Amino acid sequence: MRPFSLAIHGGAGTLTRGMMTPEKESSYLEGINAALEAGYSILEKGASATEAVAEAVTTLENCPLFNAGKGSVFTAEGTHEMDASIMEGSTRQAGAVAMVTGIKNPILLARDVMEHSGHVLLAGPGAMAFAAQRNYEILPPSYFFAQFRYDQWQGIKGTDKTQLDHADSDRKFGTVGAVACDIYGNIAAATSTGGMTNKKFGRIGDSPIIGSGTYANNQTCAVSCTGSGEFFIRGAVAYDVSCLIEHCQLDLQAACDEVIKKRLLALEGDGGLIAVNSNGNIAFSFNTEGMYRGFRHSDGSRYAAIYGD
Ligand code: ASP
């Protein structure tokens, strides 16, 4: 059988050893392992890479620890506006939603955009109208309420500041993503986020932007990013990794490090990414202190980590 694998992230940021209690550490690792289990167990049974990344990201969206779905941060208006995208490497089909509210699993809506809308990116009221047409339940704000998120927002409410969830000194949960290679050698990537605390003016980050926060091409790699979205958009980060493999013949890890540790840093952007190729190889790269991350591979290897060391 061909090698297959799944990798996930839950955000990159100022994550250093000793900053968290052992209890907190183990609940994050539990969240990572639950998402790995959800995605890997279906990959093992022959599910497609697209199904596996959607499953892993859905699990992370349902976990209140991460800034996506249930755990999404507050906007300047006290609402939750979520962005998500998914891309399939075999067909290079993609779907994305931006500024959606009340949707339990934005990644499933992004997948529906890819499969049923004839478009790639739907935003705001239009995305909500599409969700209504597909019979999505709209959950009340109370489903997305978490006291610590509310307190984060109170700290900067009424100012022009926005805050990356994982740059906060107390709380470092972030955007979530998954990349997978299935038993057929097809790859896919998915990313989902609540964006930045106190965001306004319809701010959209890199997560729903194909080529910035998410990209997949069977010939090169599948990539999901996390970090300060404006820089990832300016750097076309996910596509840049693919380009370095395609045009400069860099290997997967070297391409990821070139983009995250050199090109993104040159723009003064911070964050990280996960990537996979159609041989099942996995790469992680981040220029922050840490990144919630993990993988499982059909050769039996597995890993879950938070810190940089
Ligand atoms: N990249 C996301 C955004 O800018 C934030 C994150 O990664 O946590 O919306």
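The values are calculated or read from the model by the stated rules, or taken from the named source; none is laboratory data. In this text, all values refer to a predicted model and were calculated from it rather than measured experimentally. Note that we place each Cβ from the backbone using ideal geometry, even for glycine, and neighbour counts take in every protein chain shown. What goes into the accessible areas is simple: the full protein's heavy atoms, side chains included, and nothing from ligands, DNA or RNA. Shrake-Rupley method; radii C 1.70, N 1.55, O 1.52, S 1.80 Å.
Would you mind checking which residues have amide H under 5 Å from Met196's amide H? H placed 1.01 Å from N; only 5 or more apart, or other chain.
Amide H neighbours of Met196, under 5 Å, 5+ apart: none.
Spelling out what I want: for every residue of region 283-293, take phi, set θ = phi - 60°, compute 6.51 cos²θ - 1.76 cosθ + 1.60 (Karplus), and round to whole Hz; glycine and proline get x.
Couplings: 9, 10, 8, 8, 10, 9, 5, x, 7, 5, 7 Hz.
In Å², what does the accessible area per residue of region 253-308 work out to with a 1.4 Å probe?
39
For region 22-168, build the charge dipole from Cβ charges (+1 Lys, Arg; -1 Asp, Glu) around the Cα centre, then report which of Gly118, Tyr150, Thr79 sits farthest towards its positive end.
Gly118
With r defined as the distance between the Cβ atoms of Leu139 and Thr79 and R0 fixed at 22 Å, what FRET efficiency is calculated, to the nearest 0.05?
Efficiency, from the Cβ-Cβ distance: 0.95.
Given Ala305, Phe201, Ile183, which one lies farthest toward the positive end of the charge dipole of the chain, if we put +1 on the Cβ of every Lys and Arg and -1 on the Cβ of every Asp and Glu?
It is Phe201, whose Cα lies furthest towards the positive end.
At Val120 and Thr159, where each label point lies 7 Å from the Cα along Cα→Cβ, what is the point-to-point distance in nanometres?
Computed distance between label sites Val120 and Thr159 equals 3.7 nm.
Please check: in the Gaussian network model of the chain (C-alpha springs, under 10 Å), which one of Glu81, Glu51, Glu25 has the largest mean-square fluctuation.
Checking each option, the largest mean-square fluctuation is seen for Glu25.
Ignoring ligands, DNA and RNA, what percent of the accessible area of region 224-277 is carbon or sulfur (1.4 Å)?
Summing carbon and sulfur atoms, their accessible area is 54 percent of the total for region 224-277.
Can you give me the relative contact order of region 170-309 as a percent, contacts being Cα pairs under 8 Å and 6 or more apart?
Relative contact order comes out at 20 percent.
Which whole-Hz ³J(HN,Hα) couplings does region 295-307 yield from phi under the Karplus relation 6.51 cos²θ - 1.76 cosθ + 1.60, θ = phi - 60°, glycine and proline marked x?
Ordered by residue, 3J(HN,Hα) equals 8, 9, 10, 5, 7, x, 6, 8, 6, 9, 8, 10, 8 Hz.
Mind checking which of Thr193, Thr175, Thr91 has the largest fluctuation in a GNM of the chain, springs on alpha carbons under 10 Å?
Between Thr193, Thr175, Thr91, it is Thr91 that shows the largest mean-square fluctuation.
Determine, from the Cβ-Cβ distance of Asn281 and Glu30 and an R0 of 30 Å, the FRET efficiency 1/(1 + (r/R0)^6), rounded to the nearest 0.05.
Efficiency, from the Cβ-Cβ distance: 0.70.
Using a Förster distance of 30 Å, how high is the FRET efficiency between Gln147 and Tyr307, based on the Cβ-Cβ distance and rounded to 0.05?
0.70
Show me, for region 120-133, the HN-Hα J-couplings you get by feeding each phi into the Karplus relation (A = 6.51, B = -1.76, C = 1.60, θ = phi - 60°), rounded to Hz, glycine and proline as x.
For region 120-133, the Karplus-derived couplings read 10, 10, 10, 10, x, x, x, 5, 5, 5, 5, 4, 5, 4 Hz, x marking Gly and Pro.
Please give the direction-averaged projected area of the C-alpha convex hull for region 232-309, in square nanometres with one decimal.
So the mean shadow area of the Cα hull is 5.4 nm².
Compute the relative contact order of the chain as a whole-number percentage, counting only Cα pairs closer than 8 Å that sit 6 or more residues apart in sequence.
Answer for the chain is 26 percent.
Expressed in nm to one decimal, what extension gain is obtained for the pair Thr21 and Leu265 from 0.36 nm per residue of sequence separation less their Cα-Cα distance?
That pair, Thr21 and Leu265, stretches by 84.8 nm at full extension.
At 1.4 Å probe radius, can you tell me the per residue accessible area of region 42-177 in Å²?
Normalised by residue count, the accessible surface of region 42-177 is 41 Å².
Given H placed on each backbone N at 1.01 Å, which residues far from Met99 in sequence or on other chains put an amide H within less than 5 Å of it?
Met82, Asp83, Gly124
Hey, what's the per residue convex hull volume over the C-alpha atoms of the chain, in cubic angstrom?
117
With springs only between Cα atoms under 10 Å, which of Ala12, Ala146, Ala178 fluctuates most in a Gaussian network model of the chain?
Between Ala12, Ala146, Ala178, it is Ala146 that shows the largest mean-square fluctuation.
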